[in-house]
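Data first, discussion second: the structure below is written as structure tokens.
The values are calculated or read from the model by the stated rules, or taken from the named source; none is laboratory data. Remember, predicted model here, so these are calculated numbers, not experimental data. Using ideal geometry, Cβ is built from the backbone for each residue, glycine included, and neighbour counts are taken over all protein chains shown.
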Amino acid sequence: MNHGNGWVQLALYIGALLLITKPLGLYLLQVLDAKGKTCVDPVVRPIERLTYRICGIDPEAEQSWIGYTFSLLAFSVTGLVFTYVILRLQGRLPLNPQHLPSLNQHLAFNTAASFTTNTNWQFYTGEATMSYLSQMVALTLHNWTSAAVGIAAAAALVRGLSRASAKTLGNFWVDLIRISYYLLAPIGFAFAIFLVWQGVPENFLPYTVAKTVETHADQTIVQGPIASQIAIKMLGTNGGGYSSANAAHPFENPTPLSNFVQMLSIFAIPSALTFYLGRMVKQPGHGWAVWSAMFVLFLGGALATWSAEAAGNPIHQHLGVGPADGNMEGKEVRFGVFDSSLFATITTDASCGAVNAMHDSFTPLGGMIPLFNIQTGEVIFGGVGAGLYGMLIFVVLAVFIAGLMVGRTPEYVGKKIEAYDVKMAMLALMVLAATILGFTAWASVAKWGLAALGNAGPHGFGEILYAYSSCVGNNGSAFAGLSGNEVHWDDTTGFAMLIGRFLMMIPILALAGNLGAKKVIPASAGTFRTEGITFVVLLIGTVLLVGALTFLPALAMGPIVEHFLMRAGTLF
Amino acid sequence: MSTKAVSLFDREILGKALVDSIVKLNPRQQLKNPVMFITLIGAILTFEQLLTPKEPFGYVLQVALWLLFTVIFANFAEAVAEGRGKAQARSLRSTRKQLVAKRRRADGSLENVDASQLRRNDVVVVVAGEVIPGDGDVVEGAASVDESAITGESAPVIREAGGDRSAVTGGTTVLSDSLSIRVTADPGEGFLDHMISLVEGASRQKTPNEIALTILLSALTVIFLLVIIALKPFGTYANVPFSITALIALLVCLIPTTIGGLLSAIGIAGMDRLLQRNVLAMSGRAVEAAGDIDVLLLDKTGTITLGNRQASDFVPAPGVPSERLADAAQLASLADETPEGRSIVVLAKDLFNLRGREIGRPHTFVPFTAQTRMSGIDIPAHGGQAMRTIRKGAADNVQAWVEAQGGTCPPTIVDAVADISRQGGTPLVVAEGREVLGVIFLRDVVKGGIRERFAELRSMGIRTVMITGDNPLTAAAIAAEAGVDDFLARATPEMKLARIRAEQGSGHLVAMTGDGTNDAPALAQADVGVAMNTGTQAAKEAGNMVDLDSNPTKLLEIVNIGKQMLVTRGALTTFSIANDVAKYFAIIPAMLVGAFPAIGPLNIMHLASPRSAILSAVIFNAIIIIALIPLALKGVKYRPIGAAALLQRNLIIYGLGGIVIPFIGIKFIDVLINALHLV
């Protein structure tokens, strides 16, 4: 296998990511400032003003953290209910040329929760379940808004960090509207056009039924408004595929270039948000330090997955598969080992969940890396907004523990980290650990849990662990093999997604409010600087240590044991 | 208190601590420390496993015992720290013998009462040879007092009514004369009482940072508890029946027992270190705040410069011989008993061989007052000799005095005054009648080594502000010579207070020392206010620390102790959490290898057997607490090398070290217990 191609692609990818971070970050600074100025103002500004007037929003009025959180939750719950209702009534609504029936209540709840929380976990086959109306209104709507909500929450936290003795964190409605209008809409539009150029369909035609050449069987060819959905699914780190094959489907991801740009678009906003952070706290080095920590974690994961997949499966090799081919099981031949490994790493780092290969078919270690990426709390660039605020939890912890070692009460960007802040940060981490481990433990001994397993032994356990990790982490990718869409699965994963999203956001916004109200202590030679190599290493160490200490026993029971068993000649 | 430092492991303290560490097993006491509470519960559950042995009895018994030892060791650490505090407290208390006080009745007569009967505002009379029965203010008289019982300093000090030397402390002895003292504290509420209860740990409250750290440790404990609880069903899934003993062992190894067990000892030891340096802190909070200080307000005199200024030169006015100036200066200083005044007399003698002499005719000395800011001598006309009036004092005042008589101050004198000020000296202008004779150059002597000390503070991120009553020019020159960052000239107590508020307003934490009653508001406002023991009762009550040695330089040491306490906490927390990596590598393979022999390679330490692996990890986890007690009590050394370098250093030692050391330790213990056939 030609590793050279992989290295070149990796270098190109890193270069492109670095290149877009600053310009997009500068643009974010304007978008996330109610008085910011952008190049699309002439077109968008009037629409923005009109929206404020119709909705009765005073763009000048800022909210306290409680007001902000309340608005955010009210908006999300409304969206949840709206989607639930549409899915339940799908059979009676228009734009349904395939005459697909309505969804049952559990699947409708699961799907509504999934899209509201930016998870896009899919217990259904898109093309066989969702009408065009459901895809475009009930689901794509959330692709926009859930992304905007995530970015808004991150912006509120960053404002809390950058302000001193402040009572407010911004206005949620203004953030929501500005992020949608100025950020997601223009970039999403351009991206969709690009995808159409690359060959992704965008139409309202019914599926085409064709006769196959060899057997003259009927083949249903999926189409519809795909390009627009793909654009936002990547940009907003949603990840819900239009079709079940997701980004492995030639209509969703037709060319090497579309594959490259899709991977880039996943990291685009999360990466730019670190730049936004640095500028807002007037410590650009800190933004880059957070970026670097994310980057090193990403690179390590990508190389580990790549090497595990390139090494392949010794059992297959005994059967005559050339070792140079690596592990090609479950991979689209168009992408091969490297692009599949890189995509898998990116999509799990960033809580996107779109896939261009089946993670379930990765080697045990190759599949463990994506799983562990999710279990770090989706902080390696992470979901739009969610990645940054998740990472800042680790920053607070790193600063608190190590900051003591410089002989001062720990402080972060001039804010003293005190009992309340530690409490909120730890609360968010506890929610993450408790939900993943709790549901996994339940499902791994319950009848309903075991009934859904397609694989036995540690691999089956890995599937359960992956499912709940993915839901709590709001990732949405899955180890296939679970025949989900059963009442318990629908409900538990639905709750896992809601908990992983909102019970994480509330403590974070509380933290933002508390930090924003604090005085800023001027930096001095005695201050622990949150930039530079020492800090980057410290932050990486904290993420790895907290993630490893929490999930190592579970991983040991799954992929780690599986790996050793594979080496000993057993597969599952 | 005779403050000889109690040796780290005093035999008597250790013996008592051993008993205390068993007494402290009381679950109600353990509840205060969630980490150790969970450990205790784990130990009890493991003992219960002995009733229905599924595993070898000896092995389960050993695990259970070591878990119990983990709790006892943590108790022991706390008990040792408290024991050291108690030893200090005992020596404090020994000054509190049963005293009989002479209380003054309303009619002025005296009655004998027990010292414990004294109440606030009672007035007692203490004569030479008697011990002062309680804290108070001198309302009448002046006397020399031996305060060695408190300060360890044998030279007696003067205590007198009014002014800044009026405070006396219970337990000290009047050496001469007699004092009437108004008692300022009810029994049991005096300064010593307060300190005794603090060092004994009785009234110890958790400091803000300690609370935050406890929350972190508790949350980690909850997370690990979830991890272990979830492992049981995971095992059921995989058909691996994990034993309760193994699960509890893993839990206790994972939760941060090392820092959890040593946390309170670190706090108590911090107070204790202050006490050894003769500083009484009113709360642990103040000690912690000392570590955060980033602005120090330091009085110039006594802290930055030697107390006394020395006359070093005479600068005559044009046409005035130097000798005449020196003669007038000496005459004006004859009655001046201040060190400055004496230095003028000596300088005149040294330079011009002018001897202190009898003036030989009637004369009056004019003493210095705060209003006139001049002193001098008036010699009326006598026997054909003209009347002489000589004054020396601050330039402005002497100039005004001369001009009031129709004289003028020559410009060269104005220049000389400015010049001396610029050089950090104090100019004293000497005038006779309407004629200005010249200027005396009083030089401030900056203490040796102080410049280096300030540079060190700067590298710690602490800004120093010199407080002085001098004019701005003088202040600037001394500030430059001493290397302070900023100064506050012609400072009044109000200006000090305003300065502290301004610094705090822009986010700084301020420490200062003070002794006078008029320092009290500023001492109360400062984040760390250190009152001098020689100061007034008001000042002592306003501050949150008292320095028994009354040494203003002590502030620097206080900051160091505060920082040291925080560094120790951070270092041990990091170490404790980093330890978990190795413990996982010891225990997880041990738990799984029975069901999945293929994972053998995961046992990277090559521990002999699953049971010896688990037992080794538990033993390591317990004895590391004992091993770290000296570090917790002595504290991690704070090095003023800047935050970045310090962090890097400590991260390598306690972070990286914390990952590596348990691998070695557990392997060593495993070899040992297998050699001894314990499993």
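Below is a table of values for the structure above.
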{"item": "Complete set of residues in the stretch A:135-190 that are under 20 Å from A:T116 (Cα atoms), hydroxyl-bearing (S, T, Y) and either buried (at least 24 other Cβ atoms within 10 Å of the Cβ) or within 14 Å of chain B (Cβ to nearest Cβ) (or both)", "result": "A:S146"}
{"item": "The stretch A:543-554, subset more than 7 Å from chain B (Cβ to nearest Cβ) and surrounded by fewer than 22 Cβ atoms within 10 Å (Cβ to Cβ), residue modelled with the lowest pLDDT", "result": "A:A548"}
{"item": "Yes/no for B:M532 being crowded, with 24+ Cβ neighbours inside 10 Å and farther than 16 Å from B:V287 by Cα", "result": "yes"}
{"item": "The one condition in (1) modelled with pLDDT of 95 or more; (2) more than 25 Å from B:I268 (Cβ to Cβ); (3) touching a Ser or Thr at 6+ places or on another chain (Cβ under 7 Å) that B:Q49 fails to fulfil", "result": "(1)"}
{"item": "Any hit, the stretch B:253-264, residues being closer than 23 Å to B:A542 by Cα and surrounded by 24 or more Cβ atoms within 10 Å (Cβ to Cβ)", "result": "no"}
{"item": "Residue check, A:T376 hydroxyl-bearing (S, T, Y), modelled with pLDDT under 95 and under 19 Å from the mean Cα position of the chain (by Cα)", "result": "yes"}
{"item": "Candidates A:G494, A:G460, filtered to the one that is surrounded by 24 or more Cβ atoms within 10 Å (Cβ to Cβ) and within 9 Å of chain B (Cβ to nearest Cβ)", "result": "A:G460"}
{"item": "Residues of the stretch B:384-413 classified as over 46 Å from the mean Cα position of the chain (by Cα) and assigned to a strand (DSSP E or B), total", "result": "4"}
{"item": "B:G170 modelled with pLDDT of 70 or more and within 15 Å of B:V546 (Cα to Cα)", "result": "yes"}
{"item": "Any pair with Cβ under 9 angstrom, 6 or more apart, that starts in the stretch B:645-657 at a residue that is more than 9 Å from chain A (Cβ to nearest Cβ) and ends at one that is buried (at least 19 other Cβ atoms within 10 Å of the Cβ) and part of a helix (DSSP H, G or I)", "result": "B:I653/B:A571; B:I653/B:F575; B:L656/B:A578; B:G657/B:F575; B:G657/B:A578"}
{"item": "In the stretch A:530-541, residue modelled with the lowest pLDDT [restricted to those that are more than 9 Å from chain B (Cβ to nearest Cβ) and buried (at least 22 other Cβ atoms within 10 Å of the Cβ)]", "result": "A:T530"}
{"item": "The stretch B:404-419: number of residues that are closer than 25 Å to B:V366 by Cα and either modelled with pLDDT of 90 or more or of a type in the set (V, I, T) (or both)", "result": "4"}
{"item": "Residue in the stretch A:415-437 that is assigned to a loop (DSSP other than H, G, I, E, B), more than 8 Å from chain B (Cβ to nearest Cβ) and not polar (S, T, N, Q) present", "result": "no"}
{"item": "Helices (runs of 4 or more DSSP H) wholly inside the stretch A:318-412 that include at least 1 residues being more than 29 Å from A:G25 (Cα to Cα) and touching a Ser or Thr at 6+ places or on another chain (Cβ under 6 Å)", "result": "A:364-375, A:386-403"}
{"item": "Long-range neighbours under 9 Å by Cβ, at least six apart or interchain, first residue within 13 Å of another protein chain (Cβ to nearest Cβ) and part of a helix (DSSP H, G or I) within the stretch A:504-528, second crowded, with 24+ Cβ neighbours inside 10 Å and among the basic types (K, R)", "result": "A:N514/A:K415"}
{"item": "Residue within the stretch B:495-510 that is touching a residue at least 24 places away in the same chain (Cβ under 8 Å), surrounded by 20 or more Cβ atoms within 10 Å (Cβ to Cβ), more than 14 Å from chain A (Cβ to nearest Cβ) and not in a helix (DSSP H, G or I) present", "result": "no"}
{"item": "Count - residues of the stretch A:275-316 that are closer than 30 Å to A:N327 by Cα, part of a helix (DSSP H, G or I) and either of a type in the set (K, R) or over 19 Å from the mean Cα position of the chain (by Cα) (or both)", "result": "11"}
{"item": "Exclusive hit being under 30 Å from B:P472 (Cβ atoms) and surrounded by 15 or more Cβ atoms within 10 Å (Cβ to Cβ), set B:I379, B:I413", "result": "B:I413"}
{"item": "Among residues of the stretch B:554-602, those that are of a type in the set (G, A, S), buried (at least 24 other Cβ atoms within 10 Å of the Cβ) and more than 21 Å from B:K206 (Cβ to Cβ), counted", "result": "3"}
{"item": "B:I377 being at pLDDT 85 or above and within 14 Å of another protein chain (Cβ to nearest Cβ)", "result": "no"}
{"item": "Scope the stretch B:414-435; condition among the polar types (S, T, N, Q), free of Cβ contacts under 8 Å to residues at least 60 places away in the same chain and not in a helix (DSSP H, G or I); matching residues", "result": "B:Q423"}
{"item": "The stretch A:377-397: number of residues that are touching a Gly at 6+ places or on another chain (Cβ under 8 Å) and within 14 Å of chain B (Cβ to nearest Cβ)", "result": "3"}
{"item": "From the options B:I661, B:I624, B:I666, B:I604, residue that is β-branched (V, I, T) and modelled with pLDDT under 95", "result": "B:I604"}
{"item": "Test for A:E60: is it in contact with a helix residue (DSSP H, G or I) (Cβ under 7 Å, 6 or more places away or on another chain) and of a type in the set (D, E)", "result": "no"}
{"item": "Qualifying positions in the stretch A:225-257 - part of a loop (DSSP other than H, G, I, E, B) and among the hydroxyl-bearing types (S, T, Y)", "result": "A:T237, A:Y242, A:S243, A:S244, A:T255"}
{"item": "Residue pairs meeting the criteria (Cβ under 6 Å; at least 6 apart or on separate chains; first in a helix (DSSP H, G or I), in the stretch B:37-59; second loosely packed, with under 15 Cβ neighbours inside 10 Å)", "result": "B:F37/B:L31"}
{"item": "The stretch A:55-70 residues that are within 13 Å of A:I177 (Cβ to Cβ), paired with ones that are part of a loop (DSSP other than H, G, I, E, B) (beta carbon under 7 Å, 6 or more apart)", "result": "A:P59/A:A34; A:P59/A:N171"}
{"item": "Test set (1) over 21 Å from the mean Cα position of the chain (by Cα); (2) at pLDDT below 85; (3) closer than 22 Å to B:E557 by Cβ - B:R443 fails condition number", "result": "(3)"}
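Every residue, every condition in (1) at pLDDT 90 or above; (2) among the acidic types (D, E); (3) over 30 Å from A:I533 (Cα atoms); (4) surrounded by fewer than 24 Cβ atoms within 10 Å (Cβ to Cβ), yes or no:
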residue	(1), (2), (3), (4)
A:P254	yes, no, yes, yes
A:F260	yes, no, no, yes
A:S271	yes, no, no, no
A:H286	yes, no, no, no
A:I315	no, no, yes, yes
